[in-house]
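The values are calculated or read from the model by the stated rules, or taken from the named source; none is laboratory data. Please read these numbers as outputs of a predicted model, since none were measured by experiment. Every residue, glycine as well, gets a Cβ built from its backbone with ideal geometry; the counts of neighbours run over all protein chains shown. With ligands, DNA and RNA removed, areas are computed over all heavy atoms of the protein, side chains included. Shrake-Rupley method; radii C 1.70, N 1.55, O 1.52, S 1.80 Å.
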Amino acid sequence: MDCVTVIAHPLVQHNLTKLRDSRTDPEAFRRGLAEVAGLMVYEATRSLQTKSITVSTPLTKARGVKLKHEVMLVPILRAGLGMLPSILQLIPHARVGFVGLKRSEKTLRAGVYHKSLPADLSSFEIILIDPMLATGGSAVAALKLLEERGAQRIRLVSLVAAPEGIARVHEHAPQLLIFT
């Protein structure tokens, strides 16, 4: 599972335990989710591509870097919305798109009921936010939609992930980076 990063940071694990605890009240759950999301996206963005630039400082010109591609955050509605604000705290310049999916009770397949995305995603670095990667059905449906719009650089951030969900996502997109 070279493309899967399990984030074992102590603060992530501490907050994940609070989130799983049935005694955690809604306010503490939201706060814990925000903290975990921020820590996870820090890891998920570690390998973003950069390019060299020159800036003028008060003293002289200096070399620096900037992100090579514009970042777009795409939470899967509604669960992904809980992670969005803290991720935007770390990447305030990111654009935000939305994908709403609903599972058919007959076919058990995820269908799109809402999408708010640019027509061409080829220039973006996409961070797909799906807090629970269980069967992988929603993630694969969202990935297909992003790919239809030209997305080439996608990474998936999921709070929890089942091996079956990871396997299904990687059947569809073997090189997709998953952070969980």
State yes or no: is Leu73 assigned to a strand (DSSP E or B), closer than 16 Å to Pro92 by Cα and of a type outside the set (Phe, Trp, Tyr)? yes
When residues of the stretch 19-53 are limited to those that are within 20 Å of the chain's Cα centre (by Cα) and among the acidic types (Asp, Glu), the one least open to solvent (accessible area, probe 1.4 Å): Glu43
Among the residues of the stretch 62-87, how many are farther than 22 Å from Val12 by Cβ and surrounded by 15 or more Cβ atoms within 10 Å (Cβ to Cβ)? 4
List every residue pair whose Cβ atoms lie under 7 Å apart, where the two residues are 6 or more positions apart in sequence or sit on different chains, the first residue falls within the stretch 1-24 and is assigned to a helix (DSSP H, G or I), and the second residue, located anywhere, is open to solvent by less than 40 Å² (accessible area, probe 1.4 Å) and small (Gly, Ala, Ser). Asn15/Gly32; Lys18/Ala28; Lys18/Gly32; Leu19/Gly32
Checking the conditions here, which among Leu16, Leu90, Leu11, Leu59 is open to solvent by less than 60 Å² (accessible area, probe 1.4 Å) and more than 12 Å from the chain's Cα centre (by Cα)? Leu16
Just checking, which of Leu133, Leu128, Leu146, Leu121 is crowded, with 19+ Cβ neighbours inside 10 Å and over 30 Å from Gly32 (Cβ atoms)? Leu121
